[in-house]
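The values are calculated or read from the model by the stated rules, or taken from the named source; none is laboratory data. Keep in mind the model is a prediction, meaning the values are calculated, not measured. Backbone-built Cβ (ideal geometry, glycine too); neighbour counts: all protein chains shown. Side chains included, ligands, DNA and RNA excluded: accessible areas come from the protein's heavy atoms. Shrake-Rupley method; radii C 1.70, N 1.55, O 1.52, S 1.80 Å.
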Amino acid sequence: MASPQNISVEQMRAILDEIVNTLESPEYSSKLDEAKEAAGNEMLKMMQLVFPMVVQIKMETIKRHGFTSSREGIVQFTQMVRELESVDGEVARLHSLIRNHYLPPVSISSTVDTSL
């Protein structure tokens with residue numbers, strides 16, 4: 001196991017894949033679906049109900065890979081993901097799958113007048 005400071009793209013892919021698999025496992029997907037249903041379309045409720053579940057799964061996963069299971073660990077992990085997203089499409093894709101669990105899809109209207 002590599003230390004978080006020198007994690008490779010392949011290791012990051014494996015960690016993100018592990019998080020996605022956990023989120024989509026029968027044990028967690030039903031809990032997440034219930035939380036999403038309770039939140040409805042309200043972003044604040046989504047952040048109160050769904051986001052903490054996703055963060056908990058991320059924290060449990062990353063601590064098995066040398067990160068601390070604290071706020072600092074999750075911040076360090078997220079910074080590393082962001083850095084690697086810019087150089088690796090698979091890291092970006094996996095991170096997007098994780099974000100999709102707590103961020104609703106955003107539709108951008110092409111009819112909005114931005115000529116202020």
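Miscellaneous remarks
- Test: residue in region 31-45 that is closer than 21 Å to Ala92 by Cβ and open to solvent by less than 30 Å² (accessible area, probe 1.4 Å): no
- Looking only at region 63-97, and only at residues there that are among the small types (Gly, Ala, Ser), assigned to a helix (DSSP H, G or I) and out of contact with any Phe, Trp or Tyr (no Cβ under 9 Å at 6 or more places or on another chain), the one that is farthest from Ser8 (Cα to Cα): Ser96
- Residues of region 64-94 satisfying the condition of being open to solvent by 70 Å² or more (accessible area, probe 1.4 Å) and either touching a Gly at 6+ places or on another chain (Cβ under 7 Å) or aliphatic (A, V, I, L, M) (or both): Val87
- Flag if Glu60 is closer than 15 Å to Met12 by Cβ and either charged (D, E, K, R) or modelled with pLDDT under 95 (or both): no
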